[in-house]
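Notes follow the structure.
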Amino acid sequence: MTGQKQDKIELFLDTSVARTRVLGISTYQEMFKKEFGDRKPNVSSYVVMEFRRSLINNLISFFFLLDMNHIQTLGEAFEVWSNKFEPQNLKAAIQIINVIFNLKEFDLNHQTNKAKGQRALADAIWRLEVKFKNYFKLIQCDKTKCARGIVPLHFSSDLSEQRNFFRTFQESFCDTEACRKKCIIDTYFLKNNRASIDKIISESQTLGRSNPAYKIGQRLQEIIDKNGENCTCNFCGSVGDSVIAIDMPQSMRLEHIDNSFDYLCEYLQKKHKKYPSEMAFVNSGGQTPPVP
């Protein structure tokens, strides 16, 4: 494939790449910027949902934790947060909050900094949302009709009004029962993309049980066996990589970090390019993968 033709390929991002393009260390972000060139990568509303579920919603939850009267300092909020949530649900949020507070040089044990920290956090959430919208473009074809992916999030310079906007967002985004009634994920799996689902299930059975694609295949089989009755928002999250791989138009190339896409894209005969994780990138001295 020539470089000229390569430059014309439209790119589609998995959630991990989209998140690190927005949040990664500067050299890691520069790698993606260089790789993408002047192309504005595509994302789906499902990727938007995963980005907000894994990061934005958690940051908003920390914002409201600071609202509690018995939480008197930023340090106390960190302590409560660490005891309340599972590590995988707070790692990215804790990292970005730490960066925000360190840049502002907030004393975590000083009570007067709690309100300042809340304002800084609200501003950071706004900046993350703006970055996401500026860096990527949303494909118009929403195959899943994921209601969580289109919940509006508004912003205001007035902290009191912003508090109401955050609350309205969380009430809708976290109401998974109501959101599930609006989406068509069961039809997505059982009918609209049944051939792709059957292909993934069949091919993944040859993999080891610890392989992420094998686990996705097993979960998809459960959906088929139960005729979609187990398609809750939480269950859908366990097969999210398959949704992203299927959603990507055949003409595009999937830019990904997660190992599961190595298999999913091959099964679906779709172009893909794998990037190292941020840690692997650092350990390799900033080496980038060759174009396939």
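Using the Cα centre as the reference, give the magnitude of the dipole from point charges on the C-beta atoms of the chain (Lys, Arg: +1; Asp, Glu: -1; all else neutral), rounded to the nearest 20 debye.
Values: 40 positive and 34 negative charges, 135 e Å.
Here the size comes out at about 660 debye.
Based solely on its DSSP helices, what 222 nm [θ] is calculated for the chain when runs of n ≥ 4 H residues each add -39,500 (n - 2.57) and the sum is averaged over all residues, nearest 500 deg cm²/dmol?
Values: 16 runs with 167 residues, N = 292.
When only DSSP H runs of four or more count, the value is -17000 deg cm²/dmol.
Given the C-alpha centroids of the stretch 113-138 and the stretch 42-77, what is the distance between them in whole angstrom?
Cα centres, the stretch 113-138 to the stretch 42-77: 11 Å.
Per residue, how large is the accessible surface of the chain? Use a 1.4 angstrom probe and give square angstrom.
With all protein chains present, the chain gives 51 Å² per residue.
Here are some pairs, Lys8/Lys191; Lys191/Lys270; Lys137/Lys181; Lys33/Lys271; Lys133/Lys273; Lys40/Lys191; which of them have Cα atoms lying more than 30 Å apart in this structure? Mind showing how you got there, number by number?
Details: Lys8/Lys191 32 Å; Lys191/Lys270 20 Å; Lys137/Lys181 27 Å; Lys33/Lys271 20 Å; Lys133/Lys273 22 Å; Lys40/Lys191 32 Å.
Correct reply: Lys8/Lys191; Lys40/Lys191.
Calculate, for Gln95 and Arg209, the FRET efficiency according to 1/(1 + (r/R0)^6) with r their C-beta to C-beta distance and R0 41 Å; round to the nearest 0.05.
On the way: r = 31 Å, r/R0 = 0.77.
It comes to 0.85.
Spelling out what I want: for every residue of the stretch 223-229, take phi, set θ = phi - 60°, compute 6.51 cos²θ - 1.76 cosθ + 1.60 (Karplus), and round to whole Hz; glycine and proline get x.
In residue order, the calculated couplings are 5, 5, 4, 9, 6, x, 5 Hz.
Given labels modelled 7 Å from the Cα in the Cβ direction, how far is it in nm from Asn259 to Thr176?
Distance between the two pseudo-spin positions: 2.5 nm.
Report the relative contact order of the chain, percent, no decimals, based on alpha-carbon pairs under 8 angstrom and at least 6 residues apart.
Numbers: 327 pairs, mean separation 64.1, N = 292.
22 percent.
For the stretch 91-164, take every pair of Cα atoms, bin their distances at 10 Å starting from 0, and report each bin as a whole percent.
All Cα pairs, binned at 10 Å, distribute as 15, 37, 32, 13, 3 percent.
Have a look at Met252, Met31, Met68 and tell me which one the Gaussian network model of the chain (Cα, springs below 10 Å) gives the largest fluctuation.
In this elastic network of the chain, the residue with the biggest mean-square fluctuation among Met252, Met31, Met68 is Met68.
Only Cα pairs within less than 10 Å get springs; with that Gaussian network setup on the chain, which residue of Glu177, Glu203, Glu255 has the largest fluctuation?
Highest fluctuation among the options: Glu177.
Over the chain, with every protein chain in place, what whole percent of the accessible area is carbon and sulfur at 1.4 Å, could you tell me? Before the final figure, lay out the partial values.
On the way: 7270 of 14920 Å².
Reported share for carbon and sulfur atoms: 49 percent.
Go through Leu23, Ser54, Ile71 and say which Cα lies farthest out towards the positive end of the charge dipole of the stretch 8-88; charges sit on Cβ, +1 for Lys and Arg, -1 for Asp and Glu.
Of Leu23, Ser54, Ile71, it is Leu23.
Given +1 on the Cβ of Lys and Arg, -1 on the Cβ of Asp and Glu, and no further charges, what dipole in debye does the stretch 96-232 carry about its Cα centre, rounded to the nearest 20? Each step should come with its number before you reach the end.
Numbers: 23 positive and 16 negative charges, 49 e Å.
So the dipole magnitude of the stretch 96-232 works out to roughly 240 debye.
In Å and from the alpha-carbon atoms only, list the Rg and Dmax of the chain.
Taking only Cα atoms of the chain, I get Rg and Dmax of 20.2, 62 Å.
Quick one: which residues, 5 or more positions from Lys273 or on another chain, have an amide H under 5 Å from its amide H? H modelled 1.01 Å from N in the peptide plane, none for Pro or chain starts.
Leu254, Glu255, His256
Would you kindly give the portion of the calculated P(r) for the stretch 13-93 that falls above 22 Å, as a percent of all Cα pairs?
Working: 1301 of 3240 pairs.
Cα-Cα pairs of the stretch 13-93 separated by over 22 Å account for 40 percent.
Report the per residue volume, in Å³, of the convex hull enclosing the C-alpha atoms of the stretch 187-292.
Details: hull volume 11.9 nm³, N = 106.
Here the figure is 113 Å³ per residue.
Tell me, in nm to one decimal, what length is gained between Gln72 and Val130 on full extension, where the rule is 0.36 nm per residue of separation less the Cα-Cα distance? Please report the intermediate quantities before stating the final value.
Details: separation 58, 0.36 × 58 = 20.88 nm, distance 3.04 nm.
Taking 0.36 nm per residue and subtracting the Cα distance, the gain is 17.8 nm.
The values are calculated or read from the model by the stated rules, or taken from the named source; none is laboratory data. Quick caveat: nothing in here was measured; it's all calculated off a predicted structure. When we count neighbours, we look across all protein chains shown, and the Cβ atoms used for this are built from the backbone with ideal geometry, even at glycine. These area figures cover heavy atoms from the full protein model, side chains too; ligands, DNA and RNA do not enter into them. Shrake-Rupley method; radii C 1.70, N 1.55, O 1.52, S 1.80 Å.
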